[in-house]
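Heads up: the structure comes next, in structure tokens.
The values are calculated or read from the model by the stated rules, or taken from the named source; none is laboratory data. On a predicted model such as this, the values are computed, not experimentally measured, just so you know. Ideal geometry is used to build each Cβ from the backbone, glycine not excepted, and the neighbour counts take in all protein chains shown.
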Amino acid sequence: MAAARSHRWLRWPENTAGRGSGRKLAYGADYNPEQWPREVWDEDVRLMREAGVNIVSLGVFSWARIQPGPDEWDFAWLDEVMDLLHANGIAVDLATATASPPPWLTTLHPEILPVTAAGETVWPGARQHWRPTSPVFRTHALRLAETVARRYADHPALTAWHISNELGCHNVYDYSGDAAAAFRIWLRERYGTVERLNTAWGTAFWSQHYTGFDQVLPPRLAASHPNPTQQLDFKRFSSDALKEYLRAERAVLESATPDVPITTNFMVMGETRGMNYADWAAEVDFVSNDHYVRPGAQALDELSFSANLTGNIAGGRPWFLMEHSTSAVNWQPVNRAKAPGELARDSLLHVAHGADAVCFFQWRQSAAGAEKYHSAMVPHAGPESAVFRAVADLGRRLEELAPLAGSHRKPAPVAILFDWESWWASEQDSHPSSLLRYRQEALDWYSAMLARGVRADVVPLGTPLEHYRMVVAPILHMVGEDRAKELVRYTESGGHLVATYFSAVVDENDHAWLGGYPGPLRDLLGLRIEEFVPLLPDEEVRLDDGSAGTLWSDDITVTDPQVEVLASYADGPRAGQAAITRRSAGAGSAAYVSTRLGAQGLTGVAARLLAKAGVAGELPPRLRGSVELAVRADAASEYWFVVNRTAEPVDLADLGGEPIDPADAPEGGAGVLPPRGAAVLRRPTA
Ligand code: GLA
Ligand code: GLA
């Protein structure tokens, strides 16, 4: 892993809107002027100023326009846009423009196109049709990045580099010949000898023994389930291949402009899982994220979860919200417009979890193309619209909030562990249940904490745990010996661990721990599982505490008399056996939850476990569940973000603190949160 970078933030040009060189929050969007005639650009910058926009990401999909042929370059238009933005005090996060190769390139070099597991070519016609491992693609893309970097190195508007766009959004898994060659090199580095690969992959099974690396392939379409460790290593490799590509672009930018910070937009959201962002974070000067809300009962919780995880991947430091939407998107089955208040509330919830930049996709809604029904800051209706008024109002609010820019996340009392490798491994094929959803279980625990009014940090595995009173490990499937020892040490030093079903079942090679599950955590938990008893899609199992589980159950034998059984199965084939347990361990404890209780069921369990761990909510009981609290802090102040999760007004009278934005409480005090509202209260640092 690369040494952590310098954590440089935006290099603000002196004339940037939002005033001066002091603290400020960045506000803006992806800007795609090449989709519009020249005269629209003047209206664009005028409206940007009206809305308080001080930054745009420019050139993300401009390859075909910048380089119309192998040796033709057209920078006149981009020069003009850069100058126009600068003259209007708008800084530029300039893209390397490599995200979508132009038709001339794919015609000349069809060998850059990705190939699916079934051997089909992924044709041009959309975007991101390139192989991360293609040397030909790399040559062309790096030449473009270098030409752009040298041209704008000294442009006063340039504030950061935006590498490619959402690396891996459409091309994370490529099974081409280039991928196969790069995979073999990666495997050689990991294992050294083919015998070690054979051991790790368990190739004694199904006659898969290799006698040379040249025989190894990506897990292409096969007659039955491909080797699980091969599948897992291919996921690790694919994340690394994109990371290598990111480094290659970065090296070009660093040599052209050593002082300009670089970033790339991650996709910590929903089921996007191919890129191990905890591992990527050290590669960028500051972490950026894109997030889109998916409608549903946990929509807001999921936004908060993603923002929280992004903030913790960023080490608690400020991060950049590169994209979200003002209203509807275009790529869900049904694309809902946001309700009044949601635009600002969603933005502020990201700020609550550490974002110092609030940007949208995109500035002006496209009239043509696949995203013409995707909302923007300037919608089809034009500036005379509720969306643009809400955009301008948010710009004003973000200026008021400038004093909190640069503050860090205040650590929470509870941590929820998040591990990409356990995500990948737990959801592979040929398992006890294909219905298990790793991220959903983690989100359910997060929802339960929100319902109890307890702040929780969603942290990548490897984060130091000793400051947390409680650590929840949802489906921590892959646990090697070192990880297990770390968890034991955590409880011995007074921490309270909660593990769930299908945790610590395999080691780093995806080999099952023997002698009863969960192998290396058996003694810590004081129990032994001989068999998993997953449930059918419509099946439920009742517990004697009144809750009901779905998805999973375990055949548990309690092996330590000290174990307290918090709930037992009340029906089904394991009736009478333990379902939820807790064992005191050293100064701490280790609990186990063997079934899926969902957000609601976990709220009850969380209450009992939090009480035993001595964790109390920071919100007055009246506000728990209806308000989310997130806290940022600097040396002098804490910033309490209070976010109304309901469609009713919420009176904050007993909360204390002064609103930073006077408009949040015209009569003083903490005020009343409107439906779907959000406010920030400043309090002296505790
Ligand atoms: C992604 C991309 C953008 C745009 C949005 C639409 O985040 O980076 O270019 O396609 O999705 O939601
Ligand atoms: C078939 C095969 C076995 C094994 C079982 C698993 O019967 O012959 O090798 O794969 O299925 O159910």
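Quickly run through segment 306-325 and pick out the residues that are more than 11 Å from ligand 1 (Cβ to nearest atom), farther than 14 Å from Ala278 by Cβ and out of contact with any Cys (no Cβ under 9 Å at 6 or more places or on another chain). Step through it out loud before you land on a result.
The first filter runs over segment 306-325 and keeps only residues more than 11 Å from ligand 1 (Cβ to nearest atom), leaving 306-321.
Narrowing further to those that are farther than 14 Å from Ala278 by Cβ: 307, 317-318, 320-321.
If the condition is that a residue be more than 11 Å from ligand 1 (Cβ to nearest atom), farther than 14 Å from Ala278 by Cβ and out of contact with any Cys (no Cβ under 9 Å at 6 or more places or on another chain), then Ala307, Arg317, Pro318 are the ones that fit.
Conditions tested, residue by residue: (1) of a type in the set (Gly, Ala, Ser); (2) under 30 Å from the mean Cα position of the chain (by Cα).
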residue	(1), (2)
Ile112	no, yes
Glu120	no, yes
Arg127	no, yes
Glu166	no, yes
Val172	no, yes
Ala180	yes, yes
Thr199	no, no
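Quick one: count up the residues across segment 378-395 that are within 16 Å of ligand 1 (Cβ to nearest atom) and part of a loop (DSSP other than H, G, I, E, B).
Within segment 378-395, residues that are within 16 Å of ligand 1 (Cβ to nearest atom) and part of a loop (DSSP other than H, G, I, E, B) number 2.
Would you check which residues across segment 91-109 are more than 16 Å from ligand 1 (Cβ to nearest atom) and hydroxyl-bearing (Ser, Thr, Tyr) and list them? It would help to see each step written out before you state the result.
As a first pass, look at segment 91-109 and keep what is more than 16 Å from ligand 1 (Cβ to nearest atom): 91-92, 102-109.
Across segment 91-109, the qualifying residues are Thr106, Thr107.
Checking Pro537 against (1) surrounded by 15 or more Cβ atoms within 10 Å (Cβ to Cβ); (2) over 21 Å from Thr491 (Cα atoms); (3) not aromatic (Phe, Trp, Tyr), only one condition comes out false. Which one?
For Pro537, the failing item is (1).
Select from segment 38-73 the residues that are charged (D, E, K, R) and surrounded by 13 or more Cβ atoms within 10 Å (Cβ to Cβ) and write down the one among them that is nearest to Gln128 (Cα to Cα).
Taking segment 38-73 as the starting set, the residues that turn out to be charged (D, E, K, R) are 38-39, 42-44, 46, 49-50, 65, 71-72.
Now narrow it down to the ones that are surrounded by 13 or more Cβ atoms within 10 Å (Cβ to Cβ): 43-44, 49-50, 65.
Values: Glu43: 31, Asp44: 27, Arg49: 32, Glu50: 34, Arg65: 16 Å.
Step by step, filter segment 38-73, then rank; the result is Arg65.
Could you say whether any residue in segment 406-421 is part of a helix (DSSP H, G or I) and among the hydroxyl-bearing types (Ser, Thr, Tyr)? Explain how you work it out, then say what you get.
Within segment 406-421, the first condition is being part of a helix (DSSP H, G or I), and the residues that meet it are 420-421.
Then keep just the ones that are among the hydroxyl-bearing types (Ser, Thr, Tyr); that gives none.
Scanning segment 406-421, I find no residue that is part of a helix (DSSP H, G or I) and among the hydroxyl-bearing types (Ser, Thr, Tyr), so the answer is no.
Can Leu242 be described as within 16 Å of ligand 1 (Cβ to nearest atom) and assigned to a helix (DSSP H, G or I)?
Details: within 16 Å of ligand 1 (Cβ to nearest atom): yes; assigned to a helix (DSSP H, G or I): yes.
Answer is yes for this residue.
Of these, Phe286, Phe237, Phe183, Phe266, which one is at pLDDT 95 or above, closer than 29 Å to Val92 by Cβ and more than 16 Å from ligand 1 (Cβ to nearest atom)?
The unique qualifying residue is Phe286.
Which of the residues spanning segment 354-377 are surrounded by fewer than 24 Cβ atoms within 10 Å (Cβ to Cβ) and more than 15 Å from ligand 1 (Cβ to nearest atom)?
Across segment 354-377, the qualifying residue is only Ala367.
Asp154 versus (1) in contact (Cβ under 8 Å) with a residue 60 or more places away in the chain; (2) more than 28 Å from the chain's Cα centre (by Cα); (3) under 30 Å from Arg11 (Cβ atoms): which is the lone unmet condition?
Exception for Asp154: condition (1).
Restricting attention to segment 634-686, and to residues there that are exposed (fewer than 14 other Cβ atoms within 10 Å of the Cβ) and among the small types (Gly, Ala, Ser), which single residue is modelled with the lowest pLDDT?
Per the criteria, the residue is Gly668.
Select the helices (runs of 4 or more DSSP H) contained entirely in segment 253-362, then report the ones holding at least 1 residues which are closer than 24 Å to Phe61 by Cα, of a type in the set (A, V, I, L, M, F, W, C) and in contact with a helix residue (DSSP H, G or I) (Cβ under 9 Å, 6 or more places away or on another chain).
Values: elements: 277-280, 299-313, 342-352.
Counting at least 1 such residues, we get 277-280.
If Arg583 satisfies all but one of (1) out of contact with any helix residue (DSSP H, G or I) (no Cβ under 8 Å at 6 or more places or on another chain); (2) in contact (Cβ under 8 Å) with a residue 40 or more places away in the chain; (3) not in a loop (DSSP other than H, G, I, E, B), what's the number of the condition it fails?
Checking Arg583 against (1) out of contact with any helix residue (DSSP H, G or I) (no Cβ under 8 Å at 6 or more places or on another chain); (2) in contact (Cβ under 8 Å) with a residue 40 or more places away in the chain; (3) not in a loop (DSSP other than H, G, I, E, B), the one that fails is (1).
Which number in (1) surrounded by fewer than 24 Cβ atoms within 10 Å (Cβ to Cβ); (2) more than 13 Å from ligand 1 (Cβ to nearest atom); (3) among the aliphatic types (A, V, I, L, M) marks the one condition that Val351 misses?
Here Val351 clears every test but (1).
Does any residue of segment 397-412 turn out to be free of Cβ contacts under 8 Å to residues at least 60 places away in the same chain and either on the phi > 0 side of the Ramachandran plot or touching a Ser or Thr at 6+ places or on another chain (Cβ under 8 Å) (or both)?
Taking every residue of segment 397-412 in turn, none turns out to be free of Cβ contacts under 8 Å to residues at least 60 places away in the same chain and either on the phi > 0 side of the Ramachandran plot or touching a Ser or Thr at 6+ places or on another chain (Cβ under 8 Å) (or both).
Quick one: which residue in Ala256, Ala278 is surrounded by fewer than 22 Cβ atoms within 10 Å (Cβ to Cβ) and in contact with a Gly (Cβ under 9 Å, 6 or more places away or on another chain)? Show your work before the answer.
Working: Ala256 fails: in contact with a Gly (Cβ under 9 Å, 6 or more places away or on another chain).
Criteria check complete, one pass: Ala278.
Tally the residues that are in a helix (DSSP H, G or I), out of contact with any Phe, Trp or Tyr (no Cβ under 8 Å at 6 or more places or on another chain) and among the polar types (S, T, N, Q), restricting the search to segment 224-239.
Total satisfying the criteria: 1.
Do we find that Ala299 is out of contact with any strand residue (DSSP E or B) (no Cβ under 8 Å at 6 or more places or on another chain), away from ligand 1 (no atom under 15 Å from the Cβ) and modelled with pLDDT of 95 or more in this structure? Talk me through it step by step, then tell me what you get.
On the way: out of contact with any strand residue (DSSP E or B) (no Cβ under 8 Å at 6 or more places or on another chain): yes; away from ligand 1 (no atom under 15 Å from the Cβ): yes; modelled with pLDDT of 95 or more: yes.
Here the answer is yes, as Ala299 does meet what is asked.
If you scan segment 118-140, which residues turn out to be at positive phi and either within 16 Å of ligand 1 (Cβ to nearest atom) or part of a helix (DSSP H, G or I) (or both)?
Just the residues of segment 118-140 that are at positive phi, to begin with: 119, 125, 128.
Matches in segment 118-140: Gly125, Gln128.
Take Ser407 and decide whether it is closer than 28 Å to Ala91 by Cβ and at pLDDT 95 or above. Spell out the reasoning first.
Working: closer than 28 Å to Ala91 by Cβ: yes; at pLDDT 95 or above: yes.
Against the criterion (closer than 28 Å to Ala91 by Cβ and at pLDDT 95 or above), Ser407 qualifies.
Condition (residue is part of a helix (DSSP H, G or I), more than 16 Å from ligand 1 (Cβ to nearest atom) and either modelled with pLDDT of 95 or more or surrounded by fewer than 17 Cβ atoms within 10 Å (Cβ to Cβ) (or both)) applied to segment 159-178: is it met by at least one residue? Even if it seems obvious, please write down each step before you answer.
Applying the first criterion (part of a helix (DSSP H, G or I)) to segment 159-178 yields 177-178.
Applying the additional criterion that residues be more than 16 Å from ligand 1 (Cβ to nearest atom) yields 177-178.
Then keep just the ones that are either modelled with pLDDT of 95 or more or surrounded by fewer than 17 Cβ atoms within 10 Å (Cβ to Cβ) (or both); that gives 177-178.
The answer is yes; a qualifying residue exists.
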